[in-house]
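The values are calculated or read from the model by the stated rules, or taken from the named source; none is laboratory data. Computed from a prediction, not measured in an experiment: that's the story for all the values here. Virtual Cβ from ideal backbone geometry, glycine too; neighbours counted across all protein chains shown. All accessible areas refer to the heavy atoms of the entire protein, side chains included, with ligands and DNA or RNA removed. Shrake-Rupley method; radii C 1.70, N 1.55, O 1.52, S 1.80 Å.
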Amino acid sequence: MRIGILTAGGDCPGLNAVIRAAGRKLMKEGHEPIGLLRGYRGLAYRDHRPLDHPALSGLLPLGGTILSTSSYDPFRHDDGPDRVRAAMADGTLDAVIAIGGEHTMEISRTLHDRLDLPVVGVPKTIDNDIVGTDRTFGFDTAVHVATEAIDRLHSTAQSHDRVMVVEVMGRNAGWIAVTAGIAGGADGILVPETDITVEQIAATIRQRHERGKDFSIIVVSEGARLAFADGRSRRVKVNTETDEYGYERLGGIGAALAEELEAATGYETRTTVLGHIQRGGTPTATDRVLATRYGVAAAEAVIDGAFGTMVALRGTEIVRIPLAEVTGVKTVDLGLLELAQTFF
Ligand code: F6P
């Protein structure tokens, strides 16, 4: 079989490790992997490159994706479905492995259901919010980066008696904020799943000062709302525009929160936005191993003809689940947030 491998949506540390693992397993079993460029665009426009042994070597520590990525959705373009149909009909490809987030899994499911595309999904996102899997690769790396940043901010916050607000990624779920917040010993954590008001955070900061702690670290997900005791709340965006696929550009909650906290407490407050630093660079060992397990499992699913599925981590096992089950957002475990609050 000739199997196309694609990466779609935002990039994530470990994508290359999945490409390597799936490609090498397929080759070992006598099949031919092909790299589709820029997500599903590469399938629709037949834009591919060979994935031979030299192309699949040296990839484990490499950040980003050697196949490039985009959020191209064939169903948002009039000619998209026909292009995909024609590409599959020309006999170049027998199946597709699609590595992507929730949107990519939705596209994959629709392509499988409507156009009979033989596809297997692999879940990726640093946000760890894909339904059906306990863990996505890239998350551990992002948490590692955010924790290191919090550690570094501690020493400067303490030296200057400052409040430091750290804005981390997390559009719809607060996994990075809560996990890095616990690991870094944050004094306040705000996530998209539940509103914590400016007044509540300000009270925590004041109590710390009363206990002799003249600095505080507050971690906030970019998707958290700026909320007040009188019931006002809003998400903070970079601008009012959405991208061509309808996604809002979130960002700025850190600065908005810092301004409010400084006004409420009178303590000097600064902001650090980690942004795409959390997505770039080399994956941690944990992410490399998870990505490798996913890649091999996806290749095996293709060889077994288990199309319309996504490989997923359940406990310690990699399993196959129907793409139809992969909808919505896996919200953060609020028990973890409660655990973090023990130390505020
Ligand atoms: O989905 C992962 C994520 O990191 C989100 O937390 C964030 O909103 C988004 O990517 C930003 O993506 P980009 O700036 O590349 O569009």
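Quick notes on this structure:
- Degrees between helix 80-89 axis and first principal axis of the chain (Cα, 0 to 90, nearest 10): 40 degrees
- Net length available on complete extension from residue 151 to residue 116 is 7.6 nm, with 0.36 nm assigned per residue and the Cα-Cα distance removed.
- Relative contact order of the stretch 139-280, defined on C-alpha pairs under 8 angstrom at six or more residues apart (%): 31 percent
- Charge-dipole axis of the chain as Lys and Arg at +1 and Asp and Glu at -1 on Cβ define it, positive-most pick from 242, 96, 261: 96
- The fraction of Cα-Cα pairs per 10 angstrom bin, counted from 0 for the stretch 139-280, comes to 13, 45, 34, 8, 1 percent, rounded to whole percents.
- For residue 124, the lysines whose Cα comes closer than 17 Å to its Cα, not counting residues fewer than 8 places off in the same chain, are 330.
- Carbon plus sulfur fraction of accessible area for the chain, probe 1.4 Å, in percent: 47 percent
- Over the chain, DSSP H runs of length four or greater, each weighted -39,500 (n - 2.57), average out per residue to a 222 nm ellipticity of -11500 deg cm²/dmol.
- Here, the chain is characterised by an Rg to Rh ratio of 1.03, where Rg is the alpha-carbon radius of gyration and Rh the Kirkwood radius.
- Between the helical axis of 102-115 and the longest alpha-carbon principal axis of the chain there is an angle of about 30 degrees.
- The chain: most fluctuating residue of 42, 231, 174 per GNM, C-alpha cutoff 10 Å: 231
- Trypsin sites (Lys or Arg not before Pro) restricted to the stretch 62-107 and DSSP loop, no more than 14 other C-beta within 10 Å: none
- All-pairs alpha carbon distance profile, the stretch 208-254, 5 Å steps from 0, percent: 5, 18, 17, 17, 16, 13, 6, 4, 3, 2
- Computed about the Cα centre, the dipole magnitude for the stretch 139-280 is approximately 100 debye when only Lys and Arg (+1) and Asp and Glu (-1) carry charge, each at its Cβ.
- Note on residue 230 and residue 79: with the Förster distance fixed at 56 Å, the Cβ-Cβ geometry gives a FRET efficiency of about 0.65.
- Probe 1.4 Å, accessible area per residue of the chain, Å²: 41 Å²
- Annotation for the stretch 140-185 versus the stretch 209-237: alpha-carbon center distance of 13 Å.
- Fluctuation leader among 172, 239, 16 - the chain, Gaussian network, Cα springs under 10 angstrom: 239
- Of the residues 27, 164, 105, the one that moves most in a GNM of the chain with alpha-carbon contacts below 10 Å is 27.
- Two-site FRET efficiency, residue 183 against residue 29, from Cβ-Cβ distance with R₀ of 51 Å, rounded to 0.05: 0.85
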